[in-house]
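This report refers to the structure that appears directly beneath it.
The values are calculated or read from the model by the stated rules, or taken from the named source; none is laboratory data. Not measured: the values here are computed from a predicted model. Cβ atoms come from the backbone with ideal geometry, glycine included; neighbour counts cover every protein chain shown.
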Amino acid sequence: MPGGRLEKNESPKEGTAREVLEETGFIVKVEHLIAVYSAPEKDDLVLLFKATITGETGWWPNDEIEQIEFFERDNLPERLHPRNRKRIEDAYNNKVSHFVVF
(Lines give C-alpha, C1' and ligand atoms only; values in the text may rest on other atoms or scores of the structure.)
Protein backbone atom coordinates (compact mmCIF):
# COMPACT_ATOMS: atom_id res chain seq x y z
CA MET A 1 0.00 0.00 0.00
CA PRO A 2 1.52 3.33 -1.00
CA GLY A 3 2.17 5.69 1.86
CA GLY A 4 4.54 8.17 3.37
CA ARG A 5 4.84 11.52 5.10
CA LEU A 6 3.75 14.97 4.03
CA GLU A 7 6.30 17.45 2.80
CA LYS A 8 6.35 21.04 4.05
CA ASN A 9 3.27 23.04 2.94
CA GLU A 10 1.72 19.97 1.29
CA SER A 11 -1.94 19.09 1.80
CA PRO A 12 -2.89 15.49 2.68
CA LYS A 13 -4.45 15.02 -0.77
CA GLU A 14 -1.34 16.40 -2.49
CA GLY A 15 0.90 14.17 -0.37
CA THR A 16 -1.21 11.13 -1.17
CA ALA A 17 -1.04 11.79 -4.92
CA ARG A 18 2.73 12.37 -4.73
CA GLU A 19 3.40 9.20 -2.70
CA VAL A 20 1.27 7.06 -5.04
CA LEU A 21 3.13 8.48 -8.05
CA GLU A 22 6.57 7.97 -6.45
CA GLU A 23 5.84 4.43 -5.28
CA THR A 24 3.76 3.08 -8.19
CA GLY A 25 4.11 5.36 -11.21
CA PHE A 26 0.33 5.92 -11.21
CA ILE A 27 -1.21 9.37 -11.48
CA VAL A 28 -4.29 9.49 -9.25
CA LYS A 29 -7.17 11.79 -8.52
CA VAL A 30 -7.51 11.77 -4.73
CA GLU A 31 -11.23 11.92 -4.01
CA HIS A 32 -12.34 11.75 -0.39
CA LEU A 33 -11.17 10.69 3.03
CA ILE A 34 -12.27 7.20 4.01
CA ALA A 35 -10.75 6.87 7.47
CA VAL A 36 -8.27 8.22 10.00
CA TYR A 37 -6.19 5.76 12.02
CA SER A 38 -4.14 6.61 15.09
CA ALA A 39 -1.27 4.81 16.78
CA PRO A 40 -0.98 6.63 20.13
CA GLU A 41 2.37 5.03 20.98
CA LYS A 42 3.81 6.51 17.77
CA ASP A 43 2.03 9.91 17.97
CA ASP A 44 1.11 9.29 14.35
CA LEU A 45 -1.98 9.55 12.12
CA VAL A 46 -2.67 7.52 8.99
CA LEU A 47 -5.18 8.96 6.51
CA LEU A 48 -6.89 6.61 4.07
CA PHE A 49 -8.23 8.22 0.89
CA LYS A 50 -10.29 6.95 -2.02
CA ALA A 51 -8.38 7.61 -5.24
CA THR A 52 -8.86 6.84 -8.92
CA ILE A 53 -6.02 6.06 -11.33
CA THR A 54 -6.08 8.63 -14.15
CA GLY A 55 -2.76 7.84 -15.85
CA GLU A 56 0.68 6.37 -15.40
CA THR A 57 4.29 7.35 -15.90
CA GLY A 58 5.86 3.91 -15.65
CA TRP A 59 7.50 2.23 -12.70
CA TRP A 60 10.67 0.21 -12.10
CA PRO A 61 12.13 -1.50 -9.01
CA ASN A 62 14.10 0.78 -6.71
CA ASP A 63 15.70 0.91 -3.25
CA GLU A 64 12.31 1.35 -1.58
CA ILE A 65 10.04 -0.99 -3.57
CA GLU A 66 11.02 -4.22 -5.33
CA GLN A 67 7.72 -5.03 -7.02
CA ILE A 68 4.09 -3.96 -7.36
CA GLU A 69 1.22 -6.43 -7.24
CA PHE A 70 -2.56 -6.13 -7.39
CA PHE A 71 -4.80 -8.54 -5.52
CA GLU A 72 -8.48 -9.38 -5.56
CA ARG A 73 -10.30 -8.66 -2.31
CA ASP A 74 -10.77 -12.36 -1.56
CA ASN A 75 -7.16 -13.23 -2.45
CA LEU A 76 -5.07 -10.90 -0.25
CA PRO A 77 -1.60 -12.22 0.63
CA GLU A 78 -1.20 -14.09 3.92
CA ARG A 79 1.80 -11.92 4.84
CA LEU A 80 -0.38 -8.77 4.84
CA HIS A 81 -0.25 -7.03 8.23
CA PRO A 82 -3.63 -7.12 10.07
CA ARG A 83 -3.73 -3.31 10.21
CA ASN A 84 -3.36 -3.10 6.43
CA ARG A 85 -5.96 -5.84 5.97
CA LYS A 86 -8.40 -3.74 8.06
CA ARG A 87 -7.64 -0.64 6.00
CA ILE A 88 -8.32 -2.52 2.77
CA GLU A 89 -11.61 -3.82 4.17
CA ASP A 90 -12.57 -0.29 5.26
CA ALA A 91 -11.86 0.94 1.73
CA TYR A 92 -13.93 -1.82 0.14
CA ASN A 93 -16.76 -1.19 2.59
CA ASN A 94 -16.52 2.54 1.77
CA LYS A 95 -16.55 3.50 5.41
CA VAL A 96 -16.24 7.26 5.38
CA SER A 97 -14.48 9.43 7.95
CA HIS A 98 -14.34 7.19 10.97
CA PHE A 99 -11.58 7.21 13.55
CA VAL A 100 -9.80 4.04 14.65
CA VAL A 101 -7.25 3.81 17.46
CA PHE A 102 -4.95 0.77 17.34
Requested in this report: Can you run down the residue pairs with Cβ atoms below 9 Å, 6 or more apart or on separate chains, where the first is in the range 42-60 and closer than 21 Å to L6 by Cβ and the partner is outside any strand (DSSP E or B) and among the acidic types (D, E)?
Outcome: L48/D90
Query raised in the report: Hey, among D74, D63, which residue is acidic (D, E) and farther than 18 Å from A91 by Cβ?
Result: D63
Query raised in the report: What single numbered condition from (1) modelled with pLDDT under 90; (2) out of contact with any Lys or Arg (no Cβ under 6 Å at 6 or more places or on another chain) fails to hold for G15?
Result: (1)
**Report entry** Top-ranked residue of the range 19-32 - restricted to ones that are under 11 Å from the mean Cα position of the chain (by Cα) and either under 19 Å from R83 (Cα atoms) or without any contact (Cβ under 8 Å) to a residue 40 or more places away in the chain (or both), ranked as surrounded by the most Cβ atoms within 10 Å (Cβ to Cβ)
**Finding:** V20
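Could you tell me which residue of the range 33-51 is farthest from N94 (Cα to Cα), considering only residues that are of a type outside the set (D, E) and loosely packed, with under 10 Cβ neighbours inside 10 Å? It would help to see each step written out before you state the result.
First, pick out the residues of the range 33-51 that are of a type outside the set (D, E): 33-40, 42, 45-51.
Still in the list and also loosely packed, with under 10 Cβ neighbours inside 10 Å: 40, 42.
On the way: P40: 24, K42: 26 Å.
Among those residues, the one meeting the criterion is K42.
Being loosely packed, with under 15 Cβ neighbours inside 10 Å, out of contact with any helix residue (DSSP H, G or I) (no Cβ under 6 Å at 6 or more places or on another chain) and at pLDDT 90 or above: is that true of K8 here?
The answer is yes for K8.
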